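Just so it is clear, none of the values below were taken in a lab; they were calculated from the coordinates. Everything quoted here is computed from the prediction, not taken from an experiment. Cβ placement follows ideal geometry from the backbone for every residue including glycine, while neighbour counts extend to all protein chains displayed.
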Amino acid sequence: MRRLIEDRPWHIAIGAFAIGLALAPAETTSALTLAALVAVGAAAIGSRGRVAPATAEPERFGGSPRTTNAPLVRAGILAALLLPAGAAVGEARLRAIDAPAHRVHDGERVVTTAHLLEHPRPSPFGSSAEVRLAGGRLRGARMLARFPRWLDLGTNVPIGAELVVRGRVRAVPDERGRGRAVPQERGGPRAGPEERADDFDFSAYLRRSGVAGELLLDDVRVTGRRRGGLEGWLDRVRERAERAVVSGMPAPDAALLRGMVLGEDEAITSSVRDEFQASGLAHILAVSGQNVMLLVALALPLLAALGLGRRGRAVGLLLLIGLYVPLAGAGPSLQRAGVMGAAGIVATLASRPASRWYALLLAAAVTLALNPRACGGPGWQLSFAAVAGILWLGDPLRNLLRAGMQPVLGGGRAAGALADGTALTLAATAATAPLLGHHFGAVPLAALPANLLALPAVAPAMWLGMLKAAVGQVPALVPSLAPAGDALAGALGAAAQVPVAWTAAVAERLADMPGGRLTLPLARPLAVGVAYAVVATLVLVLRRVGRRFGPRASELASRWTRQPLRLRAGVAVLVLAAIVLGAGTAFAPPAPPTALTVRFLDVGQGDATLIQHPDGTAILFDGGPPEAGVVDLLRRAGVRRLAVVVATHPSRDHHGGLRDVLRSYHVDLLLDGGDGTRDPTFRAVLAEAARRAVRRVEAVPPLTLRVGAITIQVLSPPPRPPGPPPEDPNPRGVVAVVSSGDFDLLLSADAESVALLPLQLPDVDAMKVPHHGSSDEGLPRVLERLRPEIAAIEVGRHNTYGHPAPSTLAALRQAGVRTYRTDRDGTVTLSVDHGRMSVDTER
């Protein structure tokens, strides 16, 4: 400890300042005073001890050594001063951040101009995006704008566009509960897979993000103007980068690459997000430290090729980092990486040894000085914990793994790269596991194989995406080269598709890996502390094992290298064949089920029901909302082609995903329940079916379809009378009984008892509860006639409609029906084998 204090005084200083900043949101002067007293007390106690002889000085009379503890005393005084100084700076920064929120009056009506700060993020109830108000009493306030479904901005409105907005503001409650409660929902402004959806405190998220309140829009208009200044220049650079990054790539891969390179993940479907989270690859979609590292690795040889010297390369790298961090969203992880990278470059420029721990502490101080509440977010905590784990455990694990691999793989580059990748993943996983358990209740054990498999693809994908973003700036620099730049971006897109698709395949396959998720509910901070103590103990044990195993491993490696070349080559071939065989098995498309299977797919607040027969027949009723990514769910279910797709009625949460289904799968028949609608998005589904030459049949009774071993009997709606289509399409949604053998399933879309009771309803084995479990007084009579054993409610978490209604759940309980819900259980899978039904849930 003394050596650390003497050699690294600035570590103590910056660490104390960062701790003070982190304590600022607590607003506890007593805690700061106690921390300062502890620091001074530690210095005073330490000053009583003796020091090493090298630092001892003889007494003037008698020659006995005199102790000197000046470094320890100075460190204690420095920490005692910088702790409250950091807290004071943090409190001042919080007052500045919270000033706009204090001007927000709950329920106030506003009509003003605003600038769009991010692309709208779709949701089942509309979309949302951050805006900054540019006029009126709330000028300068950042607000979360809520766009209802009928106010769709579209996809062509750029970031920085000026809007004229009209609506009502809603305050965000502070830590003391002031203000109106904000309804919780999945996601939020730049909220991604790292946020826990089941108990997510959305109000706290908004406060951490510096959002002053919500703006519930009644009307919005794009003026065609843009914000100016440096922000406007960055907006135009970002817009050109966005166009170039997605050029020449299919929409799903383009959405992934844009998220990986620019941090814009609003086009990534929720199912893909879940796959990346479950497989431990969520960090790839969150622009983070590896982006800065890869940017430096890409730019350094290019700058050297331009003939720049050491100072010129360093300045160039600093400028690139300074441009990339705000361009990619400037999240906490990216801020940390930017500060650490810049600190290392400056140290190199000054010909001084770079300390990675000092850079990490400096990054903590900078990020907390910008926003002291950042340390309360899971993203900030996980980012810093992962880097600290790599700095602490990376080298010991790397040495241990290299020693263990030498007897088998030798000491070549491949073995070194495998050891390095494994060590970094293990170190980051060990350091973040307690936090993952605290925030999310589980740790993805699939992270190790997933990161190792994705490792060869991530860097090429990032580099190609960054090159595409750079090529996108060509039209602004040399307008005459714009066509050549567009062509080059498209060619790079074709190349980037390969590593991006590989990374997505790794996430998809390993998301469902058996044993790939360890449940670790660490709800209390004390439990987190105990978990970290266990991790530290294991690390000490591993280090001791490594010291004992190292010499033995070297001896075994030496013996192995003396073996005949033919033997070593044969073992290498066998190992490689086993890896290829294992990878081929893991990445082979899932096989169709061996029994009749009904999947009530978790698409959020929407409907999508898949029926599969062992003979390969697959039928899909509805496709959920477009952002749910039903295509990915179908792939995971082993669907090769679809015999029938049923569009039950024109409603975004039912037909929204069907256009992508028609684009992605061969479909034999589309059963059209549009009922003559004029909805443009439903008409787009019909137009896509026409382009794909899909046969279309109107879903009106009497109609019975026999597809393989499955029968579909349409019971409703009757033919529509002349005149315009009804305003409410729900009562005229397609009601059908799907049968195979002795099994019968009722699917009724959003048609409730008013539409069901006049029908000749048969006894069924299972049913989908109508309209997401909404309140329905006639449901008990419907259940009495259907007499189902199993019911599924397809409903989204935290929906604002109150689905499923308590009365509906009570009616199902009273009827003795086993009920499952996609909001609670995830995808619900019902299997029928030899007349026996079994149910499996995703959660």
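Annotations
- Among 650-661, 157-168, 365-376, sorting by the average number of other beta carbon atoms lying within 10 angstrom of each residue, highest first, gives 650-661, 365-376, 157-168.
- Relative packing of peptides 622-631, 464-473 - highest average C-beta neighbours within 10 Å first: 622-631, 464-473
- Highest-first arrangement of 803-810, 604-611, where packing means the average Cβ count within 10 Å: 604-611, 803-810
- Cβ-based net charge around R659, under 11 Å, with every Lys or Arg adding one and every Asp or Glu removing one: +2
- Alpha-carbon centroid distance for the pair segment 634-689 / segment 445-483, whole angstrom: 33
- Kirkwood Rh in Å, taken over all unlike Cα pairs in segment 687-802: 15.6
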